[in-house]
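The values are calculated or read from the model by the stated rules, or taken from the named source; none is laboratory data. Predicted, not measured: the structure shown is a model, and the values here were computed from it. We place every Cβ from the backbone using ideal geometry, glycine too, and count neighbours over all the protein chains shown.
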Amino acid sequence: MPDQSSDNSNAAQHALDFFLARQPILNREQDLIGYELLFRSAAFGPANVKDGVTATAAVIAHASELGLSNVIGNLQGFINVDAAVLMSDFIYFLPADKVVLEILETVRVTPELVTRVRELVKAGYVFALDDVVAESAEIEQLLPMIKIIKIDVMEVDPSKLLKLSVHFKRAQKELLAEKVETLEQFNDCVTFGFDYFQGYYFAKPMILQGKKLEASKVVIMHLLTLLVRNVDNGEIVRYIKRDVALSLTLLRLVNTPVYGFQKFIDSLGQALIVLGRRQLKRWLQILLYANTEKDKAALSPLMILAATRGKMLELITAKLRPGRRKMSEMAFTVGIMSLVDALFGMSMESVLRQITVSTEIREALLRRTGFYGMALKLVECTEQREQDQEEMQRLLDELQLSADDFFEAEKYAFEWGNSISTNNVGQSANVSMAPPPDGYIDDDDDD
């Protein structure tokens, strides 16, 4: 192997040249169990990175700088590794109990590499094979040390997919389906015995003709429009009273230790004063995505994705438009609402016919145009497994946002999104966190 010392010494200083993509990984119950962490350079695309050691070292430096707990919370991080990283000492910067190391399909299997993987397994590391599309002699050499087989379902014919899954299941391996983009693909993979799933099928709406919003969702959406219209508290309280479950949840929220009140708050009017309108609006927006299935207590990956989008858009707007709180609030709303079509199984046009939003929000949601639309497109770029480097750079330039500033917003938004997934929904709107990065406004107080 070539000497990596000179490459490693330069890796950390290039960490901020990279952007992070975070692809959700779900289990058979569609609960979030981890993220694949993908690092891309906006300043120089993968084609211009001449040395794989430098690139992969920068990945680990980037992950270390971010802090894995900020990026993945209590979940697992799946990270691509090549031969150079596997053979290096800096692999130990990654905590064995928090990561799954994905051996890339381009890695040449040698006796030295097999020995190294065996050593790392003894050290507690878990391995997956990435982008498997067929059986091979090289895969068989590594198979005893591998826990998870990742199969690219877009590259394997369905008739061959069953045979492949049976082969690896007999070897007692866990199966992860990559690039699952439709509900039909997900159902097929469940039938074939897959354990985990990666892709955005869960964020794509299955359009149901004639569907209307659920009654409780209608109440939440109407309350949001009342808050936008700035009606008096009495009208808001009267509408909350129409939904008993919502009323009880609101009272439980303001009586949690987060607020620290010694006296029990027993009226909705008092609860609204204590919580404040801005917190109420955020709580309602998040509540839209929480517990959408009555038999599931876990928060949906869709909700976590929407909350993270909202926070990232808010921080970007606060940085670019300092002192304009209403713009930041509107940006948060755009991020949260960008997935309501998937939440309700309706087209975005149908959803917007049933609720009232401003022209700016409508254009951002339907056409990704205007300031909010461009910011939303930029955030969506970070969610894709194959990022469009030129598009990301174009959006950064057009918004006049530096790579470093975007990195800071991204890091804080991931941490905030993870806090949503690990806290009670009622408390998540006011969860305690580290302060946002310098230059960003975190307007959690009310006007």
* Out of region 380-394, which residues are of a type outside the set (Val, Ile, Thr) and at pLDDT 75 or above? -> Glu380, Cys381, Glu383, Gln384, Gln389, Glu390, Glu391, Met392, Gln393, Arg394
* Answer with yes or no whether Leu208 is at pLDDT below 80, surrounded by 16 or more Cβ atoms within 10 Å (Cβ to Cβ) and either touching a helix residue (DSSP H, G or I) at 6+ places or on another chain (Cβ under 6 Å) or not in a helix (DSSP H, G or I) (or both). => no
* In region 230-250, the residues that are at pLDDT below 75, in a helix (DSSP H, G or I) and exposed (fewer than 12 other Cβ atoms within 10 Å of the Cβ) -> Val244, Ala245, Leu248
* Extreme residue, modelled with the lowest pLDDT, among residues of region 26-48 that are in contact with an Asp or Glu (Cβ under 7 Å, 6 or more places away or on another chain) and of a type in the set (Gly, Ala, Ser) -> Ala43
* Structure fact -> Leu162 vs (1) buried (at least 18 other Cβ atoms within 10 Å of the Cβ); (2) more than 29 Å from Gly77 (Cβ to Cβ); (3) aliphatic (A, V, I, L, M): all pass except (1)
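Checking the conditions here, which among Ala364, Ala429, Ala403 is within 15 Å of Ala307 (Cα to Cα) and either among the small types (Gly, Ala, Ser) or modelled with pLDDT of 95 or more (or both)?
Ala429
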* Structure fact -> Here the residues within region 388-403 that are within 27 Å of Glu349 (Cα to Cα) and crowded, with 16+ Cβ neighbours inside 10 Å are Met392, Leu395, Leu399
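Anything in region 130-170 that is charged (D, E, K, R) and over 26 Å from the mean Cα position of the chain (by Cα)? List them, or say none.
Residues satisfying the conditions are Glu135, Glu138, Glu140, Asp157, Lys160, Lys163, Lys169, Arg170.
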* Asked: Are any of the residues in region 348-365 within 22 Å of the chain's Cα centre (by Cα) and surrounded by fewer than 18 Cβ atoms within 10 Å (Cβ to Cβ)?
  -> no
